[in-house]
Structure formats: C-alpha cells, structure tokens
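The values are calculated or read from the model by the stated rules, or taken from the named source; none is laboratory data. Bear in mind that the values here come from a model prediction, so they are computed numbers and not experimental data. For neighbour counting, all protein chains shown are included, and Cβ atoms are generated from backbone atoms with ideal geometry for every residue, glycine included. Keep in mind that these areas ignore ligands, DNA and RNA; they rest on the heavy atoms of the full protein, side chains included. Shrake-Rupley method; radii C 1.70, N 1.55, O 1.52, S 1.80 Å.
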Amino acid sequence: MGSARLARLHGLFAAYKPPGLKWKHLRDTMELQLLKGLNAGKPPAPEQRVRFLLGPMEGSEKKELTLTATSVPTLTSHPLVCGPAFTSLKIGVGHRLDAQASGVLVFGVGQGCRLLTDMYNVHLTKDYTVRGLLGKATDDFREDGRLVEKTTYDHVTREKLDRILAMIQGSHQKALVTYSNLDLKTQEAYEMAVRGLIRPMNKSPMLITGIRCLHFAPPEFLLEVQCMHETQKQLRKLVHEIGLELKTTAVCTQVRRTRDGIFTLDDALLRTQWDLHSVLDAIQAAAPRVAAELEKSLRLELDTQQLPSPRWPWDSEGPSSALGLESDVGH
C-alpha cells in the first residue's frame, strides 16, 4: 500500500506558510507527515519459513522427543525489528519565504523537484499583499525593528500615493523591457508587451510588473504588488522608500504572498491538510496546469529567441533602488 502511494508521490503542490514559521521547519514538518502517511498502511504479511522444532512424539508413552517440520513467520522484516519502511523523502522548496512573511509556498516531491527548477527558469510572476504603516522608520523596515525616526503624515493623500505607485510601475516596466533583451520596434515584440508576456531572459534585480493601493486609511495602507526576482526584505524596503517619496516615513507590518506562478491561495494546503491524502490530491490537481504552463513558456521562449535584439548594448543595471525613481520625482 505504501509503495503504491509512493509511486504517485511525484509532482508540485503548495502549502500555506503562517507567519512566524521558518520555511525549513515547514518543509521538515511536511516530510514527517508524508512519511507518517506512507508508513501508516497495513504491513504485508510476513514470509513463512520451515523450522524443525523439537517436541514430544505423538502416541509415545515414553515421552520421546522428535523433530517436527513447522511453518513459522520470518520476523526479520517486521516493522518492530527493522523500523519503518520509509524513512526519508526528496522534498524541494520553491521561492522561499522568510520567517515573518506568510502565504503560498510551493513544494516539489520526488521527480517534482526537477519541475521546481523548470518553473524557476520560466520567470513567472508572484503576487503579494504588503501592509504599511506611516509615521515611523526602523532599522530593518519592519514594525518591530529598532525605531529610528518618527514623522508626521497628515499631508499624505490617496492621490499622492497612487501617483508614486504609477511612477514605480512605469520605471520597472522599462527595466523589464531592458532585461528581456527585446526590441519593441518590432511588431511581434510590441504584441508580446501588450499581452504582458515579456519576461527577463536571465536573472535580474527585483522587477515590479504591477502595483496598486487596495486600502488607504492613514496611517495604514495596503498594497498589491505583482513582481519577480524579489525578496521579502526588498518588499519591506519598497514600503520604506514609498514613505520617503511621500515626504514622511513608513514601515512594513505584513508581507503575504497570494500567488506563486500558477499556485494561488485556493491551492495552498492549510495546516489541517498537511497529510498524505491531501498532498496526493493537490499534486494530481496541479499536474495538468503545471504541464500547460511549462509548454506555454517553452513556446514563448522559442518565439522570443527568434525576435531581433535591440541595437543598444543592454548593460543597464535596472532601477537603482526598489523604487527606480530619481530623488526629485513625486515631490
């Protein structure tokens, strides 16, 4: 039973990482729960072997002893003798989340670890909700960091914030074109840009493909960020720099990943679903979408390679900061 389940345990699935939990701890917990499920099945019947046992001879009044051929179970393969049948699993983790962040965390099991590399190489975007707090600055851009400065924020309005966010998105979209190594003067490249299919050819700094304000109630505000090649610390720094552009300060109070490539919050397994049955169902449900996305990305990569490159050398280093704005923009 366990071997049959192990044969199906290959692919990608997502789990929801709560804040305060390290990704490595979640990975170890997931491995422990999967091994527990694999070993929970009924063990196979032990093999039988023939033993000659010494016993009294039947029908003898003198109580003579004799050897009798008897079939007895072999205990060398019993779980109480050799331990559990499955002791380790190959589990990989996709784009990681730091301890303070929460949200969708993708795992690969067995042969699915190769798919993690394939998904990484196609440079899919990720969605975050980032919560900020105006009026204070800390040394690590988090609310519980060491307080560095306090400022007023009465002059900050929703219109000013939206203007800054529009400038951020515009500057990063220019950097995305640069790192994609495409010439937008061609019709094919322009159509790819309109459909939002432009992706960097290689590793790049954090690139923001979309950003907007979902909620604004000073001192609190909530942003939705679509990006790639980011870290959670860079997103916290983004909130800090937005505060500076607004002539005040801001700290990040929450970073939550709502989508990683094709995996959304609806696909992420909650803590009560971290078991073998739920993981097998999640792998089976995600397999067609993973295959379709990889095939689509491969086709897109081939089309991109056939397009002409721009005539200028792309040696730009992208936005000089998380904002990608000059110091006087938005003032």
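Where nothing but the Cβ of Lys and Arg (+1) and of Asp and Glu (-1) is charged, how large is the charge dipole of the chain around its Cα centre, in debye to the nearest 20? List each step's numbers first, then the result.
Details: 42 positive and 38 negative charges, 136 e Å.
Charge dipole, the chain, about its Cα centre: 660 debye, nearest 20.
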Of all C-alpha pairs within the range 125-260, those more than 18 angstrom apart amount in percent to 55
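Determine the calculated [θ] at 222 nm for the chain from helices alone, applying -39500 (n - 2.57) to every DSSP H run no shorter than 4 residues and normalising by the residue count; nearest 500 deg cm²/dmol.
On the way: 8 runs with 114 residues, N = 331.
Taken over the chain, the calculation gives -11000 deg cm²/dmol.
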Amide H partners (placed H, <5 Å) of His95, local residues excluded: Val106
For 277-286, 67-76, ranked highest to lowest by mean beta-carbon neighbours within 10 Å, the order is 277-286, 67-76
Just for the range 125-260, what percent of DSSP beta bridges are antiparallel, to the closest 5? 95
In straight Cα distance, which lysines are under 16 Å from Lys237, not counting same-chain residues fewer than 8 positions off? Lys136, Lys247
Expressed in nm to one decimal, what extension gain is obtained for the pair Gln111 and His215 from 0.36 nm per residue of sequence separation less their Cα-Cα distance? 33.3 nm
Need the C-alpha centroid separation for the range 147-190 versus the range 50-91, integer Å. 75
How large, in percent, is the carbon and sulfur part of the accessible surface of the range 125-260 at a probe radius of 1.4 Å? 48
Any residue on another chain or 5+ positions along whose placed amide H is under 5 Å from the amide H of Leu269 is listed here as Ala14, Ala15, Tyr16
Candidate aspartates and glutamates for bridging to Lys203, where Cα separation is under 16 Å - those fewer than 8 sequence places away on the same chain excluded: Asp118, Glu230, Glu301, Asp315, Glu317
State, to one decimal in nm, how far the label point of Thr70 lies from the label point of Leu32, with both points 7 Å from Cα in the Cβ direction. 4.3
If unit charges are put on Cβ atoms (+1 for Lys and Arg, -1 for Asp and Glu) and the dipole of the chain is taken about its Cα centre, the option from Ala286, His25, Leu89 lying farthest towards the positive end turns out to be Leu89
If you split all Cα-Cα distances of the chain into 20 Å bins from zero, what percentages do you get per bin, shortest first? 25, 43, 19, 8, 5, 1
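At 1.4 Å probe size, with every protein chain present, just tell me what the per residue accessible area of the chain comes to in Å². Don't skip to the answer; put the middle values down first.
Details: 18770 Å² over 331 residues.
Counting only protein heavy atoms, the per-residue value for the chain is 57 Å².
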